[in-house]
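The values are calculated or read from the model by the stated rules, or taken from the named source; none is laboratory data. Since this is a predicted model, take the numbers as computed values, not measurements. Here the Cβ is made from the backbone with ideal geometry for all residues, glycine too, and neighbour counts use every protein chain on show. Surface accessibility is based on the protein's heavy atoms, side chains included, excluding ligands, DNA and RNA. Shrake-Rupley method; radii C 1.70, N 1.55, O 1.52, S 1.80 Å.
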Amino acid sequence: MKDKFFWGAATSSHQVEGNNTNQWSKWEKEKSGRACDHYHLFEEDFKIAKSLGHNAHRFSIEWSRIEPEENKFDEKEIKHYQKVIDSLREKNIEPFVTLWHWTLPLWLPEKGGFARKNSIDYFARYVEKIVSSIEGVKFWITINEPDVYASKSYLVGDWPPQKQNIFLAWRVIKNLIKAHKRAYEIIKEINPGLQVGIAKHNIYFEAYKNKLFNRFLKKGADWVWNYYILNKIGSYQDFIGLNYYLHNRINWGFNKNENLKVSDLGWELYPEGIYYCLKELQKYKKPIYITENGLADAKDKNRAWYIKEIIKNIFKAKKEGIDVHGYLHWSLLDNFEWDKGFWPRFGLVEVDYKTLKRKIRPSALEYKKIIEKLT
Ligand code: BGC
């Protein structure tokens, strides 16, 4: 028998649910508003996922719904997420649940958010509440891409709270690492059989022409971006969630990508990169799930090709002994792309934001064929 491979797609609460009240919804620049109204339409969306052959689905729980006021948990909202999980389970779709995908209840930024140490206790309390209340989840992802959050919100300053301070960014990283470790311990104490990891945004850094200096720069970039957090987390993870989007061919500190194909956001589409990222993660000796990978492609012109090539590369790595067990495409639905708003279209399923109508893109059907072939 072939070992079970998880096939599916991913979303995050603030990007699809609609009507959230968190630090993003209060931010003047871009608002997610009603988004896809997935909060009400999840059943319909999961039926679509099922019809596309998915047997796994990643989504996130919105902390601001669960704990809108400090230490006051909303049982109604916990029930809502239980229904979401039950709906997946009824369809034999394995839930991969993210506890934190970047959005904060409003009381938390007022206290300094993850730049302050006490955030670790707040996060731990929220995690304990959720994991002990919810049934039917085996795979928990504590934190989505701590590095991307810290750099966008505290270093580059594109996202709220728009700080540009390397020391703050560093502190946020440190606190997120500690928050993850605490969450890991809490979850394992509730049930040691649960599987816990983070979703890590890794970039394939390539040394151009394999030149010595470029190799040296690659090593540094790998250490800072790809491995620092994973090394610190060490044994506090049962699996690695890999989010792969980017390739950076390094030449004397400059990017020398060929950009033969790019997404609507201008990101190079480089499917071979996932093979190298997987190989490079082998040293951690943990099972790996691709928890995100995808492209903004409104016309759906590259998506089918990209998915096919990505899966080819995953299976090439798998054949060479890499312990990879799942592929969750980003995203099931078109959604709110943070500071870019709604124009980037990442969905296997197109969303008409006026009517909320869903329309399956041709690439989603190509993905379905691959799933059927490999299952
Ligand atoms: C994030 C998603 C985002 C996607 C595309 C990932 O880094 O986890 O929230 O939509 O990239 O930019």
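Here are a few things to note about the model shown:
- Selection within region 332-370 - within 12 Å of the ligand (Cβ to nearest atom) and either open to solvent by 20 Å² or more (accessible area, probe 1.4 Å) or not in a loop (DSSP other than H, G, I, E, B) (or both): L333, E337, W338, D339, K340, F342, R345
- The residue pairs whose first member lies in region 133-151 and is closer than 17 Å to E94 by Cα, whose second member is hydroxyl-bearing (S, T, Y) and in a strand (DSSP E or B), and whose beta carbons are closer than 7 Å, counting only pairs six or more residues apart or on different chains, are I141/T98; I141/T291.
- The set of residues in region 89-107 being free of Cβ contacts under 8 Å to residues at least 60 places away in the same chain and away from the ligand (no atom under 16 Å from the Cβ) consists of R89, E90, K91, N92, P95, W107.
- Scanning region 245-265 for residues that are in contact with a strand residue (DSSP E or B) (Cβ under 7 Å, 6 or more places away or on another chain) and away from the ligand (no atom under 11 Å from the Cβ) yields H247, N248, R249, I250, N255, K256, N257, N259, V262.
- Within region 74-84, the set of residues being more than 20 Å from the chain's Cα centre (by Cα) and buried (at least 16 other Cβ atoms within 10 Å of the Cβ) comprises E77, I78, H80.
- Contacts under 9 angstrom Cβ, first residue in region 314-337 being hydroxyl-bearing (S, T, Y), partner more than 15 Å from the ligand (Cβ to nearest atom) and open to solvent by 10 Å² or more (accessible area, probe 1.4 Å), 6 or more apart: Y327/F5; Y327/F6
- Qualifying residue in region 296-313 (condition: open to solvent by 60 Å² or more (accessible area, probe 1.4 Å), aromatic (F, W, Y) and more than 21 Å from the chain's Cα centre (by Cα)): yes
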